[in-house]
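Have a look at the structure below, then the notes.
The values are calculated or read from the model by the stated rules, or taken from the named source; none is laboratory data. Fair warning: this is a prediction, and the values are worked out from it, not measured in the lab. With ideal geometry, Cβ positions are generated from the backbone for all residues, glycine too; neighbour counts draw on all protein chains shown.
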Amino acid sequence: MWQCIEEAISEAIGKSFCIAEKQFISTGGSNASSYADLLDNKQPQLNLSFKISDKKQNFFVKINNKNCLDNFQTEAYSLKQLNAQANIASPTVTAMGTSLDKSFLVLDYINFDKAKPMLWHQLGQQLAQMHYETGHGQFGWQHDNYIGQTLQPNHWSSNWGTFFSEQRIGWQLQLLSERAIFFGNIEHITQVCHDILLHHAVTPCLVHGDLWQGNTGFCQEQAMIFDPACYYGDREVDIAMTELFGHFPVDFYHGYQAEYPLDEGYSQRKLVYNFYHILNHANIFGGIYIDQAKAVLSRIMSLPLH
């Protein structure tokens, strides 16, 4: 596997790259005692990451099982689209490929610095500027991708309420029902979510799609975002998620609002947008997220429709 990675990097940078140093960084939660054990593990998802170096250049490598190459391909595509915007920084994709039984994605390695208030403010401003880019006419994406490890459908639609209620909420509810986890009549729930979004005028813009603090960082006085699940949607989905798993610092919101104030009714729509991510966590982890999803659904069902 490591030879395949060396060869892929060498081809990408146009010169020989030989790994001299390898540092195991993180895993997707396995209890194996070492990364060697993890690499030999036959579980469906590995989610391993490493820092590798030839003592001149450093790279960040993600490794998964071979059948997960599509996850890396869609992530790489999203990163390239984010980088093309030039409003906000993201890691650069160096290479990707497969070995006999593994898939890998190679990114430039970034030494993250401690966050400063001014940089959070900058991140808010730059995200707003990215959201102003509204050259695309429909909601969706060039292909399906992934939210975490869950497939995220992105079929083109001209109607935002229909897109989000069916391809986000309805999709997750269907996945849960296939595991005998029920929240009620799927058609009725998706219709309620559709109606809440019905009168919200949305122009499609590029969204990160999975914007929590763990997918942000700062390097050399520059804000960065990574691990995207991009599509063209309502900008509010990104802001809503920043409030789901612990709010971003207040400087972020000041920076965003100064550039692109949120529309009236955001606090209600935020419930629907974050319901999607809670349902996804219920699908992946179960447990308390199922209870949390039921509590959020109860709040959604009690919202007044205008």
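For this structure, a couple of remarks:
- Within the range 197-224, the set of residues being part of a loop (DSSP other than H, G, I, E, B) and not polar (S, T, N, Q) comprises 198, 199, 200, 201, 202, 204, 208, 209, 210, 211, 212, 221.
- Any hit, the range 81-91, residues being in contact (Cβ under 8 Å) with a residue 24 or more places away in the chain, outside the structural domain of residue 148 (by TED's automatic domain parsing) and under 24 Å from residue 6 (Cβ atoms): yes
- Condition check for residue 73: more than 21 Å from residue 18 (Cβ to Cβ) and in the same structural domain as residue 15 (by TED's automatic domain parsing): yes
- Test: residue in the range 55-76 that is part of a loop (DSSP other than H, G, I, E, B) and of a type in the set (A, V, I, L, M): no
- Counting the residues of the range 131-155 that are out of contact with any Asp or Glu (no Cβ under 9 Å at 6 or more places or on another chain), at pLDDT below 95 and either crowded, with 16+ Cβ neighbours inside 10 Å or under 19 Å from residue 260 (Cβ atoms) (or both) gives 4.
- Which listed residue, of 238, 227, is of a type in the set (Asp, Glu), part of a helix (DSSP H, G or I) and either more than 17 Å from residue 196 (Cβ to Cβ) or without any contact (Cβ under 8 Å) to a residue 12 or more places away in the chain (or both): 238
- On the stretch given as the range 51-65, residues that are hydrophobic (A, V, I, L, M, F, W, C) and closer than 14 Å to residue 76 by Cα total 3.
- Odd one out for residue 248 among (1) under 27 Å from residue 142 (Cα atoms); (2) in contact with a Ser or Thr (Cβ under 7 Å, 6 or more places away or on another chain): (1)
- Selection count, the range 282-306, where residues are part of a helix (DSSP H, G or I) and either over 26 Å from residue 150 (Cα atoms) or touching a Gly at 6+ places or on another chain (Cβ under 8 Å) (or both): 2
- In the range 109-124, of all residues being surrounded by fewer than 21 Cβ atoms within 10 Å (Cβ to Cβ) and touching a Gly at 6+ places or on another chain (Cβ under 6 Å), the one that is modelled with the lowest pLDDT corresponds to 112.
- Test set (1) within 30 Å of residue 117 (Cα to Cα); (2) in contact (Cβ under 8 Å) with a residue 12 or more places away in the chain; (3) out of contact with any Cys (no Cβ under 7 Å at 6 or more places or on another chain) - residue 158 fails condition number: (1)
- On inspection, residue 254 fails the criterion of being in a loop (DSSP other than H, G, I, E, B), over 18 Å from residue 169 (Cα atoms) and either touching a residue at least 12 places away in the same chain (Cβ under 8 Å) or not hydroxyl-bearing (Ser, Thr, Tyr) (or both).
- Here the range 272-286 is the region considered, the condition is being over 16 Å from the mean Cα position of the chain (by Cα) and surrounded by fewer than 17 Cβ atoms within 10 Å (Cβ to Cβ), and the residue that is nearest to residue 183 (Cα to Cα) is 286.
- Only residues that are under 15 Å from residue 236 (Cβ atoms) and among the β-branched types (Val, Ile, Thr) were counted in the range 269-299, giving 1.
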